[in-house]
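The values are calculated or read from the model by the stated rules, or taken from the named source; none is laboratory data. In this text the structure is predicted, and so the values were computed from the model without any measurement. Every residue, glycine as well, gets a Cβ built from its backbone with ideal geometry; the counts of neighbours run over all protein chains shown. Calculation scope for accessible area: heavy atoms of the full protein, side chains included, ligands and nucleic acids excluded. Shrake-Rupley method; radii C 1.70, N 1.55, O 1.52, S 1.80 Å.
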Amino acid sequence: MEYLCSIPTSYREGTYTHEDFHEDIEEGIFFDYDDQYQILTYTVPNLEDCREISLYQISDKELIETLNVTYDQDGTLQKITARLNDRELFLYVHYTDSGHAKQELKNFAVRNADAIVEQICAFKDVAARLFVEYFCDGDAYDFHAKIGTAAQKEAIEKEYPDNKDIVDSPGDYPFDYCYEGDNEAFHILTACAADGEFNYFQYTVDLMEERIREKAVPLLPKTADFKFICEMYD
């Protein structure tokens, strides 16, 4: 890893680029970059567990050229954004309290779930199962939906006639109809919320799962024994 740039957590009010910070920074966000694998790594500040974020297939040139850093009137770092892979991405966001964090994550959950619902609604076959799967190990976050068709379910039943529960296992269906939203934003926006005794990851998952259940399931062409299944995988 090579040092790329650093952003102070306190500065004068305004919006800046990385070029505005020349002095030595004691407290801030320090961006490291693996040029060989195009991996950006940094640690979210002001959290007890100091969560590290790694983003893959990131252009260091694109990051440096589009980085924007915003401070409020008190000089507190509010957000860091960059335009990466043709979209704006929040690299850091400051939540004032737990209520603010919950509201911002709720807003994201609605947007992300709706993007997945839109993809699901383009499905024209007959669905036997709609799975929602999610995962988090601290370094990687994943949330996606997956459809198992009636034909796929029948094939699984024929292959495993003595295992009645296997048709409810998403891992036994192919990835022909797999739909995901913005997992990078999910990772960053959740990691910026200090957990304490509240699990912001599960909070966001539950909101997305319920919205997909409510909006996508009624619109799917379904078998008589259709099931909606949500589970964490490892």
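Observations, loosely collected:
A quick yes/no check of all residues on (1) under 28 Å from E180 (Cβ atoms); (2) surrounded by fewer than 17 Cβ atoms within 10 Å (Cβ to Cβ); (3) not polar (S, T, N, Q):
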{"position": "E2", "(1), (2), (3)": "no, yes, yes"}
{"position": "P8", "(1), (2), (3)": "no, no, yes"}
{"position": "I25", "(1), (2), (3)": "no, yes, yes"}
{"position": "Y33", "(1), (2), (3)": "yes, no, yes"}
{"position": "L67", "(1), (2), (3)": "yes, no, yes"}
{"position": "Y71", "(1), (2), (3)": "no, no, yes"}
{"position": "L77", "(1), (2), (3)": "no, no, yes"}
{"position": "F90", "(1), (2), (3)": "yes, yes, yes"}
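Yes/no matrix, rows are residues, columns are (1) over 14 Å from S10 (Cβ atoms); (2) of a type in the set (S, T, N, Q); (3) at pLDDT below 90:
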position: E27; (1), (2), (3): no, no, yes
position: D32; (1), (2), (3): yes, no, no
position: D35; (1), (2), (3): yes, no, no
position: P45; (1), (2), (3): no, no, yes
position: L55; (1), (2), (3): yes, no, no
position: I58; (1), (2), (3): yes, no, no
position: V69; (1), (2), (3): no, no, no
position: G75; (1), (2), (3): no, no, no
position: R83; (1), (2), (3): yes, no, no
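- Every condition in (1) open to solvent by 70 Å² or more (accessible area, probe 1.4 Å); (2) closer than 17 Å to F108 by Cα is met by E157 except one, and the failing one is (2).
- Of all residues in segment 168-200, those satisfying the criterion of being in contact with a strand residue (DSSP E or B) (Cβ under 8 Å, 6 or more places away or on another chain), crowded, with 20+ Cβ neighbours inside 10 Å and hydrophobic (A, V, I, L, M, F, W, C) are F186, I188, L189, A191, C192.
- Sub-7 Å Cβ pairs linking a first residue in segment 107-135 that is touching a residue at least 12 places away in the same chain (Cβ under 8 Å) to a second residue that is among the small types (G, A, S) and assigned to a loop (DSSP other than H, G, I, E, B), at least 6 apart or interchain, are N112/G181; A115/G181; I116/G181, ordered by first then second residue.
- Here T149 fulfils each of the conditions (1) open to solvent by 40 Å² or more (accessible area, probe 1.4 Å); (2) of a type in the set (S, T, N, Q); (3) closer than 20 Å to V217 by Cα apart from (1).
- Qualifying residue in segment 12-19 (condition: under 21 Å from the mean Cα position of the chain (by Cα), modelled with pLDDT of 90 or more, open to solvent by 70 Å² or more (accessible area, probe 1.4 Å) and among the hydroxyl-bearing types (S, T, Y)): no
- Taking the criterion of being of a type outside the set (A, V, I, L, M) and assigned to a loop (DSSP other than H, G, I, E, B), the residues of segment 57-95 that qualify are Q57, S59, D72, Q73, D74, G75, N85, D86, H94, Y95.
- Candidates are the residues of segment 112-146 that are among the charged types (D, E, K, R) and crowded, with 21+ Cβ neighbours inside 10 Å; the one that is farthest from F226 (Cα to Cα) is K146.
- In segment 163-222, the residues that are outside any loop (DSSP other than H, G, I, E, B), of a type in the set (D, E) and without any contact (Cβ under 8 Å) to a residue 24 or more places away in the chain: D172, D206, E210, E214
- The single condition among (1) more than 17 Å from C192 (Cα to Cα); (2) among the charged types (D, E, K, R); (3) exposed (fewer than 13 other Cβ atoms within 10 Å of the Cβ) that D60 does not satisfy is (3).
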